[in-house]
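Written out below as C-alpha cells is the structure these notes cover.
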Amino acid sequence: MAYRRVSSLLSRSLSSSPVTSLLLLPQGRNSSCARGLHRFGTAVAVEEPIKPPVQVNQTQLLINGQFVDAASGKTFPTSDPRTGEVIASVAEGDKEDINRAVSAARKAFDEGPWPKMSPYERSKIIYRFADLLEKHKDELAALEVWDTGKPYEQVASAEIPTLVRLFRYYAGWADKIHGLTVPADGPHHVQVLHEPIGVAGQIIPWNFPLLMYVWKVGPALACGNTIVLKTAEQTPLSALYASQLFHEAGLPPGVLNVISGYGPTAGAALASHMDVDKLAFTGSTDTGKIVLELAARSNLKPVTLELGGKSPFIVCEDANVDRAVELAHFALFFNQGQCCCAGSRTFVHESVYDEFIEKAKARAMRRVVGDPFRKGVEQGPQIDLEQFEKVMNYIKAGIECGAILETGGERIGSKGYYIQPTVFTDVKDGMPIATDEIFGPVQSILKFRDVNEVIQRANATHYGLAAGVFTSDIDTANTLTRALRVGTVWVNCFDVFDAAIPFGGFKMSGHGREKGIYSLNNYLQVKAVVTPLKNPAWL
C-alpha cells in the first residue's frame, strides 16, 4: 500500500503490496450459480471479539456548551457491528431538542463572541482543538472502530491523521477569508464583503463519522458560523467525544451543538427549521431529495448535498493487470464497500478481461475479514442488520439476473454482520448490481471494447460522484477525464482525499463541494456595499 502523504492517507496508488492471505476454499469460475455459493471460513471472524480499549463517557446531547438529556428523556441504543450487542444508550433528540439547539446557535451567532471574534482568534481555538484530537487519537480511533466496525488500522493510520490535518487546514483559512474592492463606472466606492451565513444545520452519515464531522464543521466554523449538527443514529459516539474536546479548546457555548437522533424526527426538524440559515447533508440520494424539499418548503435555505454514487473504475487495454486488480480491489472493498465513491462498476477491456477476472477473484479470496480491532484485518462487518440484509439481497439479485458469482456471496459466522468479499462477472448494464448503490463488499465486473463505448456506458447513470481510470496512455487518460460526467476522476490512483482537493458530485450525486477553498463558499454570503465618493482623486 502506497500512501501519498498524511493528508492523502485514504488513497491507494500504483505501488501496492500483497496482503497476508487466509486459507480459503477455491471456487471455480465456470460453476453454476447454485454451485458458486461455496462456503469458506475466516478464523479471525469467528473468534471472541476483542474488548475495545476505551470507555464511553458521552451519550447526552450537546446544547449550548452543556451535555444534557433529551427533552423527552428518551434514549436509543448504538450497537457493535461485530456482535449486534448494545454499546451504550444515547439520548434521542427530536424536534424539541432541535429547537433548543437552534435557539442556542442563534443566540451564539447574534449575540455571542464567535462571529465577532477576530479570525486569528478563531483560528487559534481550532488549532488547539486539532492538537487535542491528536493527543486523544487512540480514544477517538477506538470509539470510531467500535461504533462503525471499520478496521482499526484504517482509522488509526489514515482517518484520524486526516481528521487532524483537515482541522488544521481550516484553522489556517480562518484569517485568510476576505472580500474585494471593485471599480465602478462612476464616483462610487464599492466593497464586496464575504460574511458568515449564520446558523448552519448539518447532517452527517454513518460510514465516515469523524471525517464527515470535519468536512462539515471545519469550514463552517472557520467562516464564523454557528452549528447544529445531527449525527447518524448508528454512529453517534465519536462526534460527541470530539465536541467535548472542542469546548476544552475554548469554543464558546452555543457555537457547536450536537444532536443524536433519527432522521424522520431530529433530521426533519433541522431541515425544516425556520431559523436555520444553511443546510448541509451527506447521505443517500433518496434522503437528499427529502432534505432539499423540507428546506425549500420552510425558509428556502441553501442546501449543500453530497449524495450517492455508482462510480466506474475503467481498466484500459494497456493496463498492468496485477496493479489494476489491486487498485480496483481497493476502490471497491475499502471501508467494507461502504463508501459513496466506491468504484462499484469495474469496466475491464476485453483484451485483459479474462486475466483480470482470475486475479480479481484470487485477490478477493485473500482479503482478511474479521474483528476490526485485530491487526492485519482488512474488512470488518457491515454497519448494522439493515445494511447487511440490503447487501445480501443485492447478491441474491445478481445471481437471479444471471451474473456469474466468482467468489463470496455468503455471511461469515453467525454473530455480527460480516459478509464474504464478493465478485460478480458477466455483469450487464441493466442489472441491479450495476445500476444501484449497494454500499457493500460486492464487485461487479463488466467487459468493454473501446473508449467511446465505455464513456457512454460509464455516463449512463443518474449518479456522477467519481470515477477511476487505469491506463499508461496520457491521451487515453485525457480523453476519459474530460468525458466522464463526475466530480472527481482519479487516474492510476483512487480515494485520494487531500485537504485541498474539492469533492462533490454531478447529477443526482449532489451539488456543492466539500474540502478545499470551494467548501468555504458553502458557509459565506456575498454583500455589496456602495458609497458615493465626493471629488475623488481617482476612480
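For the residue pairs 135/415; 137/361; 447/507; 135/310; 135/390, alpha carbon separations beyond 29 Å are given by 135/415; 137/361; 135/310; 135/390. Principal-axis analysis of the Cα atoms of the chain puts helix 321-333 at an angle of about 60° to the longest axis.
Note on region 351-452: the alpha carbon radius of gyration divided by the globular reference 2.2 N^0.38 Å gives 1.12. Calculated translational diffusion coefficient of region 199-274 (10 °C, 1.306 mPa s; Stokes-Einstein with Kirkwood radius over alpha-carbon pairs) equals 127 µm²/s.
Can you give the translational diffusion coefficient of region 293-341 in µm²/s, computed by Stokes-Einstein from the Kirkwood radius over Cα pairs at 25 °C and 0.890 mPa s? The estimated diffusion coefficient comes to 177 µm²/s. Normalised by the number of residues in the chain, the average gap of Cα pairs under 8 Å and 6 or more apart makes the relative contact order 20 percent. Local charge for residue 59 was computed over the other residues whose Cβ lies under 11 Å away, with Lys and Arg +1 and Asp and Glu -1, and equals -2. Over all directions, the projected convex hull of the C-alpha atoms in region 97-145 averages 4.9 nm² in area. Cross-link partners for residue 95 among the aspartates and glutamates, with Cα-Cα distance under 18 Å and sequence neighbours closer than 8 places in the same chain left out: 69, 233, 275, 277, 293.
Computed over the alpha-carbon pairs of region 208-351, the distance histogram in 10 Å steps reads 10, 32, 28, 17, 10, 2, 0 percent, short to long. For region 462-539, the Kirkwood radius over C-alpha pairs fed into Stokes-Einstein at 37 °C and 0.692 mPa s yields D = 211 µm² per second. Per-residue ellipticity at 222 nm from helix content only, as computed over the chain with -39500 (n - 2.57) for each DSSP H run of at least four residues, stands at -10000 deg cm²/dmol. Beta bridges per DSSP, both residues in the chain: antiparallel share near 45 percent. With the biggest extent put first, the Cα atoms of region 407-537 measure 80, 44, 26 Å across the principal axes.
The packing ranking of peptides 372-384, 499-511, highest mean first, is 372-384, 499-511, where packing means the average number of other beta carbon atoms within 10 angstrom of each residue. Please give the helix 237-248 orientation as an angle from the longest Cα principal axis of the chain, in degrees from 0 to 90, rounded to the nearest 10. With rounding to tens, the tilt is 30 degrees.
Pairwise alpha-carbon distances in region 455-496 exceed 15 Å for 36% of all pairs. Kirkwood-type hydrodynamic radius, the chain: 24.1 Å, calculated from all non-identical alpha-carbon pairs. Counting only protein chain heavy atoms and rolling a 1.4 Å probe, the accessible areas of 241, 523 rank, largest first, as 241, 523. Report note on the peptides 515-522, 216-223, 460-467, 190-197: ranked by the mean count of other C-beta atoms within 10 Å, highest first, their order is 216-223, 460-467, 515-522, 190-197. Working ranking of peptides 360-366, 105-111 by packing, defined as the average number of other Cβ atoms within 10 Å per residue, highest first, is 360-366, 105-111. For helix 137-148, report the angle its Cα long axis makes with the longest principal axis of the Cα atoms of the chain; keep it between 0 and 90° and round to the nearest 10°. Between the helix axis and the principal axis of the chain, the angle is about 60 degrees.
The values are calculated or read from the model by the stated rules, or taken from the named source; none is laboratory data. A quick note: this is a predicted structure, and the numbers were derived from the prediction, not measured. Because the Cβ atoms are built from the backbone with ideal geometry, glycine has one as well, and the counts that use them run over all protein chains shown. Remember, those area values only see protein heavy atoms, side chains included, never the ligands or the DNA or RNA. Shrake-Rupley method; radii C 1.70, N 1.55, O 1.52, S 1.80 Å.
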